[in-house]
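The values are calculated or read from the model by the stated rules, or taken from the named source; none is laboratory data. This structure is a prediction, so every number in the text was calculated from the model and none was measured. Note: ideal-geometry Cβ built from the backbone for every residue, glycine included; neighbour counts use all protein chains shown.
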Amino acid sequence: MTTSIQNATPIVFVVDDDISVRESLELLIRCEGWQPEMFASAREFLARPRLVVPSCLVLDLSLPDLNGLDLQRRLALERTDMPIMFITGHGDVPTSVQAMKAGAVEFLTKPFKHDVLLDAIRESLNRSRLAIAREMEMRTLRSRYAALTPRERQVLALTVSGLLNKQVAGELGISEITVKAHRGRVMQKMQAQSFADLVKMATRLGPHRALNSAGLADVAA
């Protein structure tokens, strides 16, 4: 995670159509040193451009347009780094179970204790920080991988699969010395500190990065 993101003031979004609730929570959130942002509807919230900073959402279940569960389902696809806490004046067990199974951090029935909500917000912001850090790390890895030549990607895929340099050379129809040269450039471009580090990077990039044997002969050394 970059320093600017690490030092950014966390944002606590609140979506609730009750202005008295919004005003109360805005003061509570601000007193904790977080940045509150208030919205009266789900669509108003969705229109707000995403910022890559630690954040969470305090969400009313009953809203005038999209309800809270609908918004939760949408955010599960679009903003995976934003944990959600539900607040509602009309909660029931099946609905709370549904929300929690879908990943909600907390489900509170109004009136609720502020300390309980604040604890949930702290947990949510910590989750958000970790999610953003993972996202930034993956972006960096993908960027490094994109800088590899097609041949270097082949050498990477074969070496991390456990083949020795001479076996990689046999697979690709090139010399072992050439394989070593490609492997050295792969280590440099991926900024791997060791071969074990390179294997971890390849694992994180996922199996879709592995090259199928049909394409191996199509790239010149």
Identity of the residue in region 20-33, over 19 Å from Leu66 (Cβ atoms), of a type in the set (A, V, I, L, M, F, W, C) and in contact (Cβ under 8 Å) with a residue 12 or more places away in the chain, that ends up surrounded by the fewest Cβ atoms within 10 Å (Cβ to Cβ): Leu28
Failed criterion for Trp34 (all others in (1) farther than 17 Å from Ser124 by Cα; (2) modelled with pLDDT of 95 or more hold): (1)
Those residues of region 48-66 which are surrounded by 13 or more Cβ atoms within 10 Å (Cβ to Cβ) and either β-branched (Val, Ile, Thr) or in contact with a strand residue (DSSP E or B) (Cβ under 9 Å, 6 or more places away or on another chain) (or both), in sequence order: Val52, Val53, Pro54, Ser55, Cys56, Leu57, Val58, Leu59, Asp60, Leu61, Ser62, Leu63
Helices (runs of 4 or more DSSP H) fully within region 1-79 counting 1 or more residues that are within 21 Å of Ala104 (Cβ to Cβ) and under 23 Å from the mean Cα position of the chain (by Cα): 42-46, 68-78
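Residues checked against (1) surrounded by 20 or more Cβ atoms within 10 Å (Cβ to Cβ); (2) more than 25 Å from the chain's Cα centre (by Cα); (3) among the aliphatic types (A, V, I, L, M):
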site: Asn126; (1), (2), (3): no, no, no
site: Ile132; (1), (2), (3): yes, no, yes
site: Ala147; (1), (2), (3): no, no, yes
site: Leu163; (1), (2), (3): no, yes, yes
Meets criteria (closer than 27 Å to Arg50 by Cα, among the small types (Gly, Ala, Ser) and in a loop (DSSP other than H, G, I, E, B)) for Ala104: yes
Filter pass, Gly170 being outside the structural domain of Met85 (by TED's automatic domain parsing) and free of Cβ contacts under 8 Å to residues at least 40 places away in the same chain: yes
Residue pairs meeting the criteria (Cβ under 8 Å; at least 6 apart or on separate chains; first more than 20 Å from Leu59 (Cβ to Cβ), in region 121-140; second among the hydroxyl-bearing types (Ser, Thr, Tyr)): Met136/Thr2
